[in-house]
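One structure below.
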Amino acid sequence: MNLTFDTAALTDFVNANRDLCVPFVFVLAIGESLALVSLFLPATVILLAFAGLIGTTGISIWPIWVAAGLGAFLGYALSYAIGAFYKDRIDTHAPFRYYPQVMSASRRFFQRYGVMAVFLGHFIGPGRAFVPVVAGVLSVPFVHFQIANLASS
């Protein structure tokens, strides 16, 4: 299996589709931060590769940066809403019921770090899928959650 690819062709593709770069990054960032989706979407790797392409194409980084931040913020906020809606019933729904050890680890993470867990969760792979949901389940004050979410997004 050959995993090499033609970087010139990929760069040309990105240049030809400049108008789609911002929405593409926005959607990937939502997926990366949204509970459940982040378990199956390798968005971090894709976004890192895309960041390298941005440097070679001359596309402005600022709209891309804003789109990534807003997408991450929105994904985390939606995940919080899922946890707040389901509360303690969340453990009965897939995939949370299949990962009880991660759910309990996320709860311990909150017990240890408080609201700072929201900030740190953005930077921990599985944390992105579970930390905001657990914040909703534990009824972390919404304003505190959003401040930490915004700071880390």
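Residues considered: Gly52, Gly136, Gly69. Largest GNM mean-square fluctuation over the chain, using C-alpha springs under 10 Å, is found at Gly52. Here, P(r) means the percent of Cα pairs in each 10 Å bin from 0 to the largest distance; for the stretch 43-94 it is 21, 35, 22, 16, 6. Can you tell me the FRET efficiency between Phe85 and Asp12 if r is taken as the Cβ-Cβ distance and R0 is 35 Å, rounded to the nearest 0.05? Rounded to the nearest 0.05, the efficiency is 0.20. Here the accessible area of the stretch 1-84 is 76 percent carbon and sulfur, with a 1.4 angstrom probe and all protein chains present. Note: relative contact order over the stretch 11-148, using C-alpha pairs below 8 Å and six or more positions apart, is 30 percent.
Our helix-only sum for the chain, with -39,500 (n - 2.57) per DSSP H run of n ≥ 4 divided by its residues, gives a mean residue ellipticity at 222 nm of -22500 deg cm²/dmol. Each Lys or Arg adds one and each Asp or Glu takes one away; over the other residues whose Cβ falls under 15 Å from the Cβ of Leu47, this sums to 0. In sequence order, the stretch 99-114 has phi-based couplings of 10, x, 5, 6, 4, 5, 5, 5, 5, 5, 4, 5, 4, 7, 10, x Hz under the Karplus curve 6.51 cos²θ - 1.76 cosθ + 1.60, θ = phi - 60°, and Gly or Pro positions carry x.
Other residues with beta-carbon under 13 Å from the beta-carbon of Phe73 carry, at +1 per Lys or Arg and -1 per Asp or Glu, a net charge of 0. Among the chymotrypsin sites (Phe, Trp or Tyr not before Pro) in the stretch 30-139, those located in a DSSP loop and surrounded by at most 15 other Cβ atoms within 10 Å of their own Cβ are Phe123.
Solvent exposure of the stretch 1-105 amounts to 60 Å² per residue of accessible area, where only protein heavy atoms count and the probe is 1.4 Å.
Values (1) -0.35, -1.09; (2) -0.30, -1.23; (3) -0.33, -0.97 are given for comparison; log10 I(q)/I(0) by the Debye sum over Cα atoms at q = 0.09, 0.18 Å⁻¹, derived from the coordinates here, is the one labelled (3).
The values are calculated or read from the model by the stated rules, or taken from the named source; none is laboratory data. Quantities reported herein were computed from a predicted structural model and do not represent experimental measurements. Note that each Cβ is placed from the backbone with ideal geometry, even for glycine, and that neighbours are counted across all protein chains shown. For the accessible areas, the whole protein counts, side chains as well, though only heavy atoms, and no ligand, DNA or RNA atoms are used. Shrake-Rupley method; radii C 1.70, N 1.55, O 1.52, S 1.80 Å.
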